[in-house]
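The values are calculated or read from the model by the stated rules, or taken from the named source; none is laboratory data. Every value quoted in this text rests on a predicted model; they were computed, and no experiment measured them. Cβ placement follows ideal geometry from the backbone for every residue including glycine, while neighbour counts extend to all protein chains displayed.
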Amino acid sequence: MDISPLIISLEASLIATVIVFVSGVFTAWAVTIDKKSKVFFDTVFSLPMVLPPTVIGFLLLILFGKNSFVGEFLSRFGINMVFSLNGAVAAAFTVSFPIMYTTARGAFEQVDSIYIDAAKTIGMSRLSIFTRIRLPIAWPGMIAGIVLTFARAMGEFGATIMIAGNLPGRTQTMSVAVYTAMQSGNRELASRWVAVILCISFLSIISVRLWNEYLGRKKK
Amino acid sequence: MKLTVDIRKKFKDFELCVDFEAGNGVFGLLGPSGCGKSLTLRCIAGIERPDSGIIRLDDKVLFDSSAGIDLSPQKRRVGYLFQSYALFPNMTLEQNISASPCGKKNCSEYISLFYLNGLEKHYPHELSGGQKQRAALARMLAAEPEMVMLDEPFSSLDRDLRLRLEGKIAEISRDFGGTVLFVSHDMDEVFRLSDKVAVIENGRIVDTAPKRELFEKPNTVASARLTGCMNISSLVCDEQGVFASDWGITLPCGHKAGYGYVGCRAQNFEICSEKNGADVFECEIVRITENMFSYTVFFRNKGYISAGEGHTLVFETDKDTWHKLDKEKLFLRPVHEKLFYMVK
């Protein structure tokens, strides 16, 4: 069995998870500080959660296509988004970003504002309040978000197939492999990939459950 | 050093409107919970923004709504000791104290100053109540504040520990030298620690005075009540003298035109053998409460009922004196020099 879909899935999801984590936490921080913009940004950043993946794929194609400004700009640096692993990362990023953003914002909101007030009165800067107080206190609540982000990125299909395509060995992820195998009548191959995906998803969810359980016990 | 505060902030069903000046030494803010004491401190610290007004520390303007000045809390350099201490739970004691920009160089000095040696690597949840308070004080002072504010610093401590730490706070306030704002709802605490006191009720300052003056002769009914005086009566002035209409006695004092109320603390009664004057109560005892070292006696002037609640008075006496008294024939006279008169 060619295991390249597993490798491609892992690669795309891991890269996407790292980018989602950094940008999601940063965005959540900015929205936590500036409460006025909260409703607007919450709406915008949660939108990918409800949009059909085909719509996301379509929008990504418009954004990164050869004729777009962004696409042209990136291609000057030799970065090609369409029909490449980059595209798969972009698709995974877009669909999993809301998960990280929502979890991180929830975790930041859980941080008792009295610590932030105390930090301000002793003269700590915004940045050091973020790195030394907000993030360390909110951190345990974000672990679950990271795992779920990874799992969601791994499961992405619709947007991926639209922007990254279905090139075996290059952009074919596991979820796309299941689809392709079924299309070509290879039930056995499809069921193998289904088993792999089930295992990874199951492990992700159970680790989140166990972690939350552990946090709950620790609080008591 | 002088702190000038004159701010207003409106909420849906509460309005803060305070105005005071505090010099060097401890300035106490006394008031019931929810009266706006902590909110005032939060406005001074810059955590909360008043709707309008001015906050100045000497020549440094911290807030001025008309000039559009609103310094960040970081730039105000106002130390704030929170009621719950707010030690960062993810940091050790040492990290807490050195968290501020100035804290790094001051850390070891303040650890020994507050007898925290040996606890450097402990996390806040591993410290006792008293240790937490000392750690929070150390963290606040290590940041080199220009003034200091203490928000109910003893409310989460046991009584025993409370009295011991009061001494420490008094010492720190003296050594600090600048302005110390101290907020509490406990009048005994405020009396022990403060030099000057402002009484707050419902978002407004009802009285400001040096503490002795305030506790001995409050200027308003609200401050009399909040400093623990339970005997207050309206006054009616006529040719015969001054009639305390809630108590039913006439006070043989000079003309008191303009004053509407009189007050007498529960400790300030003298015991008489008979009703030898118009200012003597013939007591009808309503209820007696036994305290550890004294009795609190609720009484009425016999046969006198007035419209308000004020006709039941409170008298406090030590146990020996009380045991020797004839409870059937008890006559009490308010000590005239200790009575105080209030306009409103």
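Being surrounded by 16 or more Cβ atoms within 10 Å (Cβ to Cβ) and of a type in the set (Gly, Ala, Ser) is not true of residue B:68.
Taking the criterion of being under 15 Å from residue B:131 (Cβ atoms) and either at pLDDT 95 or above or exposed (fewer than 15 other Cβ atoms within 10 Å of the Cβ) (or both), the only residue of the range B:71-86 that qualifies is B:84. Of the set (1) buried (at least 17 other Cβ atoms within 10 Å of the Cβ); (2) away from chain A (no Cβ under 14 Å); (3) not in a loop (DSSP other than H, G, I, E, B), all apply to residue B:61 but (1). Among the residues of the range B:147-188, write down those that are of a type in the set (Ser, Thr, Tyr) and in contact with a strand residue (DSSP E or B) (Cβ under 9 Å, 6 or more places away or on another chain). Hits for the range B:147-188 are B:155, B:173, B:179, B:184.
With respect to the conditions (1) free of Cβ contacts under 8 Å to residues at least 24 places away in the same chain; (2) loosely packed, with under 13 Cβ neighbours inside 10 Å; (3) more than 30 Å from residue B:85 (Cβ to Cβ), residue A:51 falls short on a single one, namely (2).
Counting only residues that are of a type outside the set (Phe, Trp, Tyr), more than 16 Å from residue A:5 (Cβ to Cβ) and under 24 Å from the mean Cα position of the chain (by Cα), the range A:179-220 holds 11 of them. Listed by first and then second residue, the pairs linking a residue in the range B:22-41 that is in contact (Cβ under 8 Å) with a residue 24 or more places away in the chain and more than 10 Å from residue B:183 (Cα to Cα) to a residue that is among the basic types (Lys, Arg) and assigned to a loop (DSSP other than H, G, I, E, B), with Cβ atoms under 7 Å apart and 6 or more places separating them unless they lie on different chains, are B:23/B:2.
Take the conditions (1) touching a strand residue (DSSP E or B) at 6+ places or on another chain (Cβ under 7 Å); (2) within 12 Å of chain A (Cβ to nearest Cβ); residue B:96 misses just one of them, which is (1).
Residues checked against (1) within 14 Å of chain A (Cβ to nearest Cβ); (2) of a type in the set (Ser, Thr, Tyr); (3) in contact with a Phe, Trp or Tyr (Cβ under 9 Å, 6 or more places away or on another chain):
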| position | (1), (2), (3) |
| --- | --- |
| B:139 | yes, no, yes |
| B:142 | yes, no, yes |
| B:145 | yes, no, yes |
| B:148 | yes, no, yes |
| B:155 | no, yes, no |
| B:158 | no, no, no |
| B:175 | no, no, no |
| B:180 | no, no, yes |
| B:183 | no, no, no |
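Considering only residues in the range A:149-161 that are surrounded by 20 or more Cβ atoms within 10 Å (Cβ to Cβ) and of a type in the set (A, V, I, L, M, F, W, C), the one that is farthest from the other protein chains (Cβ to nearest Cβ) turns out to be A:161.
Restricting attention to the range B:116-137, and to residues there that are within 13 Å of another protein chain (Cβ to nearest Cβ) and in contact with a helix residue (DSSP H, G or I) (Cβ under 7 Å, 6 or more places away or on another chain), which single residue is nearest to residue B:42 (Cα to Cα)? Quick ask: steps written out before the conclusion?
As a first pass, look at the range B:116-137 and keep what is within 13 Å of another protein chain (Cβ to nearest Cβ): B:123-125, B:132, B:135-137.
After this cut, where a residue has to be in contact with a helix residue (DSSP H, G or I) (Cβ under 7 Å, 6 or more places away or on another chain) as well, the list is B:124, B:132, B:135, B:137.
On the way: B:124: 23, B:132: 21, B:135: 21, B:137: 17 Å.
Ranking the qualifying residues of the range B:116-137, first place goes to B:137.
If you go through the range B:1-31 and keep only what is out of contact with any helix residue (DSSP H, G or I) (no Cβ under 7 Å at 6 or more places or on another chain) and not charged (D, E, K, R), you end up with B:1, B:3, B:4, B:11, B:14, B:17, B:20, B:22, B:23, B:24, B:25, B:27.
Provide a single number: the residues in the range B:238-277 that are in a strand (DSSP E or B), among the hydrophobic types (A, V, I, L, M, F, W, C) and surrounded by fewer than 16 Cβ atoms within 10 Å (Cβ to Cβ).
Taking the range B:238-277 as the starting set, the residues that turn out to be in a strand (DSSP E or B) are B:238, B:241-244, B:249-251, B:261-264, B:269-272.
In the following step, the residues that additionally are among the hydrophobic types (A, V, I, L, M, F, W, C) were identified as B:242-244, B:249, B:251, B:262, B:264, B:269, B:271-272.
Right, trim to surrounded by fewer than 16 Cβ atoms within 10 Å (Cβ to Cβ) and you get B:271.
Number satisfying all stated conditions: 1.
Report those helices (runs of 4 or more DSSP H) wholly inside the range A:68-143 carrying at least 1 residues which are crowded, with 17+ Cβ neighbours inside 10 Å and within 12 Å of chain B (Cβ to nearest Cβ).
Working: elements: A:69-76, A:85-110, A:113-121, A:126-129.
It comes to A:113-121, A:126-129.
Among residues that are closer than 17 Å to residue B:261 by Cα and basic (Lys, Arg), residue B:302 is not included. Put simply, of B:242, B:236 the only residue that is in contact with a Lys or Arg (Cβ under 6 Å, 6 or more places away or on another chain) and closer than 23 Å to residue B:312 by Cβ is B:242.
Checking the conditions here, which among B:38, B:112, B:108 is surrounded by 14 or more Cβ atoms within 10 Å (Cβ to Cβ) and either over 29 Å from the mean Cα position of the chain (by Cα) or part of a loop (DSSP other than H, G, I, E, B) (or both)? Spell out the reasoning first.
Numbers: B:38 fails: either over 29 Å from the mean Cα position of the chain (by Cα) or part of a loop (DSSP other than H, G, I, E, B) (or both); B:112 fails: surrounded by 14 or more Cβ atoms within 10 Å (Cβ to Cβ).
Residue meeting the stated conditions: B:108.
Which of (1) in a loop (DSSP other than H, G, I, E, B); (2) more than 14 Å from chain A (Cβ to nearest Cβ) does residue B:49 not meet, given it meets every other one? Result: residue B:49 passes all but (2).
Evaluate the range B:153-165: report whether one residue or more is at pLDDT 90 or above and surrounded by fewer than 18 Cβ atoms within 10 Å (Cβ to Cβ).
Quick first cut of the range B:153-165, residues at pLDDT 90 or above only: none.
No.
Within the range B:64-87, how many residues turn out to be part of a strand (DSSP E or B) and at the interface with chain A (Cβ under 8 Å from one of its Cβ atoms)?
So in the range B:64-87, the residues part of a strand (DSSP E or B) come out as B:64, B:69-70, B:78-81.
Within this subset, residues satisfying the condition of being at the interface with chain A (Cβ under 8 Å from one of its Cβ atoms) are B:78-80.
Adding up the residues that qualify gives 3.
Which ones in the range B:189-204 are surrounded by fewer than 21 Cβ atoms within 10 Å (Cβ to Cβ) and in contact with a strand residue (DSSP E or B) (Cβ under 6 Å, 6 or more places away or on another chain)? The answer is B:195, B:196, B:204. Of B:224, B:266, all but one fail to be among the hydrophobic types (A, V, I, L, M, F, W, C), touching a Pro at 6+ places or on another chain (Cβ under 7 Å) and at pLDDT 85 or above; the exception is B:224.
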